[in-house]
1. Which of the following residues is not in a helix (DSSP H, G or I) and not aliphatic (A, V, I, L, M): 116, 47?
2. Considering only residues that are under 27 Å from residue 28 (Cα atoms) and exposed (fewer than 12 other Cβ atoms within 10 Å of the Cβ), which ones fall in the range 62-96?
3. Would it be correct to say that residue 79 is touching a residue at least 60 places away in the same chain (Cβ under 8 Å) and either touching a strand residue (DSSP E or B) at 6+ places or on another chain (Cβ under 6 Å) or of a type outside the set (S, T, N, Q) (or both)?
4. Failed condition for residue 136, given (1) more than 22 Å from the chain's Cα centre (by Cα); (2) over 30 Å from residue 41 (Cα atoms); (3) modelled with pLDDT under 90, with all others met?
5. Among the residues of the range 119-132, is there at least one that is part of a helix (DSSP H, G or I), modelled with pLDDT of 85 or more, within 20 Å of the chain's Cα centre (by Cα) and of a type in the set (D, E, K, R)?
6. Taking the range 107-133, which residues are over 20 Å from residue 95 (Cα atoms) and of a type in the set (D, E, K, R)?
7. So is residue 56 in contact with a helix residue (DSSP H, G or I) (Cβ under 9 Å, 6 or more places away or on another chain) and assigned to a loop (DSSP other than H, G, I, E, B) or not?
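The values are calculated or read from the model by the stated rules, or taken from the named source; none is laboratory data. None of the values given here were measured: they were computed from a predicted structure. In this analysis, Cβ positions are derived from the backbone assuming ideal geometry, glycine residues included, and neighbour counts consider all displayed protein chains.
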Amino acid sequence: MKIRILTLFFLFSLTPYAASAQGVISWDDLPQELQGILGPMQPQWDRLSPQRQERLRNGVQRWQSLTPDQRSQAQRQFRGWEQRSPEQRETVRSRFQSFQEMNPERQRALRNRFERFRNLPTEQQQEMRRRFEENQGARQPRVQNQNSQQRPGNVERIPNRQAPTRPQQQRPARPGPG
């Protein structure tokens, strides 16, 4: 029963946030099959917003379309989510929100980099993670030198890091001598 509730929560958290065009659906109007799956939600069902009811119904339909292996994987992922601290969950939510706000081209580039990382041998992945953690620990807020005055345009450079560049504007070709 606990797994069913956790699975419903997991599915609910993954569903899209599109508003439903329908109104509130009473519990008695749900098909018997959905009532069986959504049973733990019955006490509060009538108090849920139409959008949340719709998301839950869509989540159940997606759950039913999964293969047994996909269901097992979803349950494992949810258990992993459950074991995270509230701070870790908030970090994941924040990163997901940042990703959603990226333009499609940037999202595609990030997905490609992640896929390349996933295809690396385990040892290389671990080495990259170790180096990343080292770099994260080295990033500390800079304390401004008391002798230097910070003026616009006088930017302190970070060693071993390239400054982001902007694509050059297309300029008409100049005719060469000749």
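1. Values: 116 fails: not in a helix (DSSP H, G or I).
None of the others qualify; the one that does is 47.
2. Taking the range 62-96 as the starting set, the residues that turn out to be under 27 Å from residue 28 (Cα atoms) are 62-66.
The answer is 64, 65.
3. Numbers: touching a residue at least 60 places away in the same chain (Cβ under 8 Å): yes; either touching a strand residue (DSSP E or B) at 6+ places or on another chain (Cβ under 6 Å) or of a type outside the set (S, T, N, Q) (or both): yes.
Considered against the rule, which asks whether it is touching a residue at least 60 places away in the same chain (Cβ under 8 Å) and either touching a strand residue (DSSP E or B) at 6+ places or on another chain (Cβ under 6 Å) or of a type outside the set (S, T, N, Q) (or both), residue 79 comes out as yes.
4. It is condition (1) that residue 136 fails.
5. yes
6. Matches in the range 107-133: 123, 127, 130, 131.
7. Details: in contact with a helix residue (DSSP H, G or I) (Cβ under 9 Å, 6 or more places away or on another chain): yes; assigned to a loop (DSSP other than H, G, I, E, B): no.
Taking the combined requirement at face value, the residue does not satisfy it.
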